[in-house]
1. Does the range 186-206 hold any residues that are over 17 Å from residue 97 (Cβ atoms) and open to solvent by 50 Å² or more (accessible area, probe 1.4 Å), and which are they?
2. What do you reckon, is residue 12 modelled with pLDDT of 85 or more and either within 19 Å of the chain's Cα centre (by Cα) or open to solvent by 30 Å² or more (accessible area, probe 1.4 Å) (or both)?
3. Taking residue 243 as the residue in question, decide whether it is in contact with a Gly (Cβ under 6 Å, 6 or more places away or on another chain) and open to solvent by less than 20 Å² (accessible area, probe 1.4 Å).
4. Determine whether residue 229 is surrounded by 23 or more Cβ atoms within 10 Å (Cβ to Cβ) and either at pLDDT 95 or above or not acidic (Asp, Glu) (or both).
5. Listed residues 209, 175; which is acidic (Asp, Glu), modelled with pLDDT of 95 or more and open to solvent by 20 Å² or more (accessible area, probe 1.4 Å)?
Amino acid sequence: MQNYGHRTSRKAFPIKRLAAAAILVAGGAATLIAAALPNTPLAAAPEPISGIVRDAEAYMAPDPVAEEGVRQVVSECMANAGFDYTPAAETEGTGGLSEWIGFERLDAAVAKAEGYGGPVAGTEPAPGSDQTIMFSDPAFDAALYGPADEFAETGSYGTRAGGCRGEAVTAIYGDVERYTLATVASMNAFPASRDAASRDPEIQAANQDWQDCMAQTPYSSLRTPGEARTAGEAAGGQEEIKIAVTDAVCREETNLQTRIDAVFDKYLTTEVQQMAPGMAEVTEIKTQAAQRALEISRSSS
């Protein structure tokens, strides 16, 4: 199997994967947490639901109202602790599920305007920056996250859940367990589909067509869209835009994204059905969290 790239999970605050998979959540959501663990190969659906990949990606995204509520509570709590700090809003990219297998979505208009669109959410701050210095302050870290050695465990995830971050998560989501389900776990959802899609022969065929197209351009050495992105971001400026536009043109000419989405549809049709009870539970958690965030916002205005 060709390695098209590697995707790391995006995290709202320090997360660690636990060696043991202690399933702590009852009901359908326990199934969702368990799905983050290694599993057997997923079979393609005989009748895929076209476009289900977009529904799956929408499910994976945190609720923006709830997350804004967390930011507000963190800010107020940190002010009471003597720190002027408001978490930056998460600017989740549009890479989609295909990003997990090395084919982050690319909008042609964005490519023409700014190349690959800058760093995705979760990018580490630059060494020596004000943010890096701030987060290296033990007093700040303790106020924000609580004791460094205390983790709350939810399924296969462990989370620093004290301090102002823990207070905010509890205020909005009810507890850390629900927060983890609605954010970290859902953002890492559908592992079986990602694994199956990465092994599907159509992915290799689609990538080969893209590579053949790029071979006719000044960037003939690039073998995958992931390599193109890496090269573009390393170059920066107008060269990044040139690479991104060339990449986007070859994607369009080879129908790359549509073909990748169709592959995901085959497997997601199966996995979404398997995960339906847990997904419904997590969706309700997000809805309730958004309602709490609105109530807190109204009461403080």
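1. Within the range 186-206, 201, 204 qualify.
2. no
3. Against the criterion (in contact with a Gly (Cβ under 6 Å, 6 or more places away or on another chain) and open to solvent by less than 20 Å² (accessible area, probe 1.4 Å)), residue 243 qualifies.
4. yes
5. Going through 209, 175 in turn, just one is acidic (Asp, Glu), modelled with pLDDT of 95 or more and open to solvent by 20 Å² or more (accessible area, probe 1.4 Å): 209.
Residues checked against (1) part of a strand (DSSP E or B); (2) surrounded by fewer than 17 Cβ atoms within 10 Å (Cβ to Cβ); (3) at pLDDT 75 or above:
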position: 18; (1), (2), (3): yes, yes, no
position: 24; (1), (2), (3): no, yes, no
position: 85; (1), (2), (3): no, no, yes
position: 97; (1), (2), (3): no, no, yes
position: 103; (1), (2), (3): no, no, yes
position: 106; (1), (2), (3): no, no, yes
position: 112; (1), (2), (3): no, yes, yes
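The values are calculated or read from the model by the stated rules, or taken from the named source; none is laboratory data. These numbers were taken from a predicted model, which means no experiment stands behind them. When we count neighbours, we look across all protein chains shown, and the Cβ atoms used for this are built from the backbone with ideal geometry, even at glycine. Side chains are part of the model used for accessible areas, which takes the heavy atoms of the whole protein and leaves out ligands, DNA and RNA. Shrake-Rupley method; radii C 1.70, N 1.55, O 1.52, S 1.80 Å.
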